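Participant: Pasting in a structure now, in C-alpha cells, and then I'll have a few things to ask.
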Amino acid sequence: MTPALKLNNNINFPLIGLGTSQAKPGEMEKAVKEAIDIGYRHFDSAMIYGNDQEVGTAIREKIADGYVKREDLFITNKLWNTYHRPDLVVPTCKKTLETMGLDYLDLYLMHNPIALKEGDTLFPTDETGKLIPSDVDYVDTWKAMEECVKLGLAKSIGLSNFNSQQIQRVLDVATIKPVVNQVECHPYFNQSKMIAFCKERGIVVTAYAPFGRPGSTVNYIRHDVAPLLQDTKLQEIATKRDKTVAQVILRYLIQHGVVPIPKSSNKSRLQENFDVFNFELTPVEISSIDALNSDSRIFTYSLFADLKDYPFNTEF
C-alpha cells in the first residue's frame, strides 16, 4: 500500500503520484497501467494535457481486471483557464469526468489563478497574438469549485500555481478549504516559504517537475538552469546511499511533507521513482540539499506575465 498523508478533509493522499503532462499520444495509457502494477495509486492529470481519455481508459481497464478498486485510487484533474466563469465550472468538471469515464475525481484543482477569454480555444489570442484575458475573479471561480464537491463530482478541491496572497484571498471566502497547492518544487527551487505558509493553513504542497523537467522543449520554461540530475552534491549523496539522484530528490521532498508527482513513461524509471520508502535522509543530508536552493524557477509561464493575476511577481 502506498504511504499516504491526511488532507485537511481527512482524505488519504498517497505520498507519491504519477504526473501525466507533456506525454506523446498513446504513451500514458501504457504508463498508467504499468504504474498501477508497480503500486502507484495517485495519478495527476489535466484537461490541458490532452490525454484524459488515455489516463481514464487505463484506470477503467485495471479496475475491470479486478487489479484495483476505484476507491483505492486518487485521481486529480484540473480546471483550465478558459473555464473560470462560475457557470462553466461544474459543466467543465462533468465533461472531464465524461472524457475519463469516471464517476468522480478525488481532487479538482484550479490550474492557474489566471482567467482567459471563455470558450474552447485554450489559448485565445487577439490579432497581435496576445492572450485575451477574462475579467473573472478566481475567488468567484472558487465558489463554483465548491459546487463540484457539493454535487459529488469531486471529493476535494485545491489550487495550482497560486502565490501566498492569492491562496489567502481564497481562504478568506472559502466554505470548503483548498486541500493542496500544486507548484513547481525541487532542490533548486525548494519553496520553503510556500511550504511553511501552506502548512500553517493545513494545505499540502504537491510538487510538479521535481527533477526540474529535463528534456522539455516547451517555450514557457527556462532552459538556462543547470541540470538538476547532474548536481554533484546530489550525486554524492546518491552514491553514498546506493540510490539514484532521482530517488534522493523524491525522498528529500517527501521528508519536507511535500507530495511529488514525477512524470515518466519508462517502466524501470517508474519503478525507481516509486522505490523511495525504504530509506531516510539524515538531517545533515537534508540541510545540504536545502543549501542547493537558488530560487531558480524553471516554469515561468512567461506567456501569462502581462495578465492581472500572474502569480509569480511576488516573493512566494
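Readers should treat all values here as calculations from the given coordinates under stated rules, not as data from a laboratory. All values reported here derive from a predicted model rather than from experimental measurement. For neighbour counting, all protein chains shown are included, and Cβ atoms are generated from backbone atoms with ideal geometry for every residue, glycine included.
Participant: Under the rule of -39500 (n - 2.57) per DSSP H run of 4 or more residues, summed and divided by the residues of the chain, what mean residue ellipticity at 222 nm is obtained, to the nearest 500 deg cm²/dmol?
Facilitator: Helix-only estimate at 222 nm: -10500 deg cm²/dmol.
Participant: Nearest-5 percent of antiparallel DSSP beta bridges in the range 4-313? Don't skip to the answer; put the middle values down first.
Facilitator: Numbers: 7 of 30 bridges.
Within the range 4-313, antiparallel bridges account for around 25 percent of the total.
Participant: I've got another one for you. In Å and from the alpha-carbon atoms only, list the Rg and Dmax of the chain.
Facilitator: Final numbers for Rg and Dmax: 18.7, 56 Å.
Participant: Which whole-Hz ³J(HN,Hα) couplings does the range 225-242 yield from phi under the Karplus relation 6.51 cos²θ - 1.76 cosθ + 1.60, θ = phi - 60°, glycine and proline marked x?
Facilitator: 8, 4, x, 4, 5, 9, 5, 5, 5, 5, 5, 4, 5, 4, 4, 4, 8, 6
Participant: If you stretched the chain out fully between THR239 and SER287, how much longer would it get, using 0.36 nm times the residue separation minus the C-alpha to C-alpha distance?
Facilitator: Value of the extension gain: 15.5 nm.
Participant: In the structure shown, do any of LYS143/LYS263; LYS117/LYS193; LYS155/LYS177; LYS193/LYS263; LYS33/LYS267 have a Cα-Cα gap over 21 Å, and if so which?
Facilitator: LYS143/LYS263; LYS117/LYS193; LYS193/LYS263
Participant: Filter the trypsin sites (Lys or Arg not before Pro) in the range 54-91 down to the DSSP loop ones having no more than 11 other Cβ atoms within 10 Å, then list what survives.
Facilitator: Passing both the DSSP loop test and the Cβ count: LYS69.
Participant: Show me, for the range 63-74, the HN-Hα J-couplings you get by feeding each phi into the Karplus relation (A = 6.51, B = -1.76, C = 1.60, θ = phi - 60°), rounded to Hz, glycine and proline as x.
Facilitator: 5, 4, 6, x, 6, 9, 9, 4, 5, 7, 9, 10
Participant: By the gyration tensor of its Cα atoms, with a ≥ b ≥ c the square roots of the eigenvalues, what is the shape of the range 60-186: rounded for a/c under 1.5, prolate for a/b over b/c, or oblate?
Facilitator: The shape class here is prolate.
Participant: If you don't mind, another one. Which shape class applies to the range 1-91: rounded if a/c is under 1.5, otherwise prolate when a/b exceeds b/c and oblate if not, where a ≥ b ≥ c are the square roots of the Cα gyration tensor eigenvalues? Intermediate values should be presented prior to the final figure.
Facilitator: Working: a/c = 1.90, a/b = 1.22, b/c = 1.56.
Oblate is the answer for the range 1-91, as a/c is 1.5 or above yet b/c matches or exceeds a/b.
Participant: Something else about it: Skipping prolines and chain starts, which residues have an amide H placed within reach, meaning under 5 Å, of the one on GLU184, given they are 5 or more residues away or on another chain?
Facilitator: Under 5 Å from the amide H of GLU184: TYR208.
Participant: Shifting gears a bit: For LEU18, what residues show an amide H to amide H distance below 5 Å, using hydrogens built from the backbone and excluding near sequence neighbours?
Facilitator: HIS42, PHE43, ASP44
Participant: Hey, rough spin-label estimate for GLU27 and PHE279, points 7 angstrom out along Cα→Cβ, what's it come to in nanometres?
Facilitator: Between GLU27 and PHE279, the simple spin-label model gives 2.7 nm.
Participant: Right, another one. Once you keep just the Cα pairs under 8 angstrom separated by 6 or more residues, what percentage relative contact order results for the chain?
Facilitator: Taking the mean separation of contacting Cα pairs over the length of the chain, I get 19 percent.
Participant: Is the range 110-248 best put as rounded, prolate or oblate by its Cα gyration tensor, with a ≥ b ≥ c the root eigenvalues, rounded for a/c under 1.5, and otherwise prolate when a/b is larger than b/c, oblate when not?
Facilitator: Judged from the Cα gyration tensor, the range 110-248 comes out oblate (a/c at least 1.5, b/c at or above a/b).
Participant: With a cut-off of at most 11 other beta carbons within 10 Å, and DSSP calling the residue loop, which GluC sites (Glu not before Pro) in the range 119-158 qualify? Please list them. Before the final figure, lay out the partial values.
Facilitator: Working: sites: GLU127, GLU146, GLU147; in loops: GLU127.
Sparse-neighbourhood loop GluC sites (Glu not before Pro): GLU127.
Participant: Which ³J(HN,Hα) values, rounded to whole Hz and listed in residue order, are derived for the range 95-106 from phi using the Karplus coefficients 6.51, -1.76 and 1.60 in 6.51 cos²θ - 1.76 cosθ + 1.60 with θ = phi - 60°, glycine and proline given as x?
Facilitator: 5, 4, 4, 5, 4, 7, x, 10, 8, 7, 9, 7
Participant: Now for a different question. Where does the Debye-calculated log10 I(q)/I(0) of the range 208-298 sit at q = 0.11, 0.15, 0.19, 0.22 Å⁻¹, using only Cα point scatterers of equal weight, no solvent?
Facilitator: -0.30, -0.57, -0.94, -1.25
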